[in-house]
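The values are calculated or read from the model by the stated rules, or taken from the named source; none is laboratory data. This one's a predicted model, so the numbers in the text were calculated from it and none came from an experiment. Backbone-built Cβ (ideal geometry, glycine too); neighbour counts: all protein chains shown. Heads up: the accessible areas ignore ligands, DNA and RNA and are worked out on the full protein's heavy atoms, side chains in. Shrake-Rupley method; radii C 1.70, N 1.55, O 1.52, S 1.80 Å.
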Amino acid sequence: MVLPAEEGRLITTSARILVAAAVPAERDAVARAFPGRVRESALPGAALHRITGGPDLLAAGVGPALAAASTAAALTAAALDGRPYALVVSAGIAGGFAPRAAVGSLVLADEITAADLGAETAEGFVPVTGLGFGTVTHRPPAALVREVAAATGALTGTVLTVSTVTGTAARAEELRSRHPRALAEAMEGFGVAEAAAAHGVPVLELRAVSNPVGPRDRAAWRIGDALSALTEGFGKLAPVLQSWNPHEQ
């Protein structure tokens, strides 16, 4: 792919990258960071936007199950075509845990954790790993996380994946208690990471905070600001991807 750099120059790298967002508005916010022409190609149940000289972009759907299925379809198609992806990036907006992740900030996952995959018991929530099977956390390449954080200014910590968005202060506090390093919650990262892991492809998750985690106050949401922050973040991310060598991870 070819990546934008300072003063209008273009930087070339051979690594093929897939960016999976939930909805078209998030996908298009990422696309605005890249100057190339966009071509659309069909996948089972989804459409892939290929940017000339940029990453491939996917509106993978809302929630971990559909995001996993759509991402897996894109990864499989690329592998069958003989041009597999070297990296998958889960991207979009998110709720941020105040005061650590303020509205408008960027958050980068060093752990992508499924927060509600498990069982409720009399003693409290037990993750699926506590039941003796499965996984609840994927860890992106540490060196790449450090480089991306330095380039974008993103906060680094755990990004939670939930199937039900938090809507009360009590639920927000419960998640903070179980996941003290949590910066944000969203609905797709773990699904995208599961698909990437099944294909042996590393994953990142980069989010822009649009609202606080807790009671749902639509008047406090800043979706437009978060989408603009996402565009800006991917503009700064591009040179890191250019220099990244997946074989060194």
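General observations
- Accessible surface, 1.4 Å probe, highest first, among residues PHE190, PHE125: PHE125, PHE190
- Here region 227-244 and region 171-216 have alpha carbon centers that stand 19 Å from each other.
- In sequence order, region 52-68 has phi-based couplings of 4, x, x, x, 8, 10, 10, 8, 7, x, 8, x, x, 5, 5, 4, 5 Hz under the Karplus curve 6.51 cos²θ - 1.76 cosθ + 1.60, θ = phi - 60°, and Gly or Pro positions carry x.
- Remark: relative contact order (region 44-152) = 15 percent; criterion is Cα-Cα distance under 8 angstrom and separation of 6 or more residues.
- Heavy atoms of HIS49: accessible area, 1.4 Å probe, square angstrom to 10: 30
- Entry for semi-axes √(5λ) of the Cα gyration tensor in Å (calculated from the structure that is shown) out of (i) 28, 20, 16; (ii) 35, 20, 18; (iii) 39, 19, 15: (i)
- The residues of the chain present an accessible area of 43 Å² per residue when probed at 1.4 Å with all protein chains retained.
- The portion of the accessible surface of region 119-249 made up by carbon and sulfur, rounded to a whole percent, is 54 (1.4 Å probe; DNA, RNA and ligands excluded).
- Sequence of TRP221, TRP244 from largest to smallest accessible area, 1.4 Å probe: TRP221, TRP244
- Within the assembled protein chains, the solvent-accessible surface assigned to SER243 is about 80 Å², based on a 1.4 Å probe.
- Heavy-atom accessible area ranking, 1.4 Å probe, most first, across ASP81, ASP28: ASP81, ASP28
- Antiparallel DSSP beta bridges within the chain, percent to nearest 5: 45
- A Cβ-based charge dipole, computed about the Cα centre of the chain with Lys and Arg at +1 and Asp and Glu at -1, lands at about 400 debye.
- With contacts taken as Cα pairs under 8 Å at a separation of at least 6 residues, the chain carries a relative contact order of 27 percent.
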